[in-house]
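For reference, the structure is listed below as structure tokens.
The values are calculated or read from the model by the stated rules, or taken from the named source; none is laboratory data. Since we're looking at a predicted model, the values are computed, not measured. Positions of Cβ are generated from backbone atoms using ideal geometry, with glycine treated the same way; all protein chains shown enter the neighbour counts.
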């Protein structure tokens, strides 16, 4: 049994569920995000895998937070 199953199975038997998502950090607003043209294709590719559900902004919290951490400049304090 792998580590993930060891951690989750006791809770599944008590009524818990486990959902896995792939978060796509692509905006859906064409005026703001150039990637919006490719959102549907990315969602279709993820769903074609059959195991995962795709989530897009604003529901893709993990992808957005991770991307923002590495692409956005921190706000500078003005004094």
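Summary of computed values
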item: Scope the range 48-66; condition in contact with a strand residue (DSSP E or B) (Cβ under 6 Å, 6 or more places away or on another chain) and in a helix (DSSP H, G or I); matching residues; result: 62, 63
item: The range 33-48: number of residues that are in contact (Cβ under 8 Å) with a residue 12 or more places away in the chain and within 18 Å of residue 19 (Cα to Cα); result: 2
item: Test: residue in the range 23-40 that is modelled with pLDDT under 80 and more than 29 Å from residue 72 (Cβ to Cβ); result: no
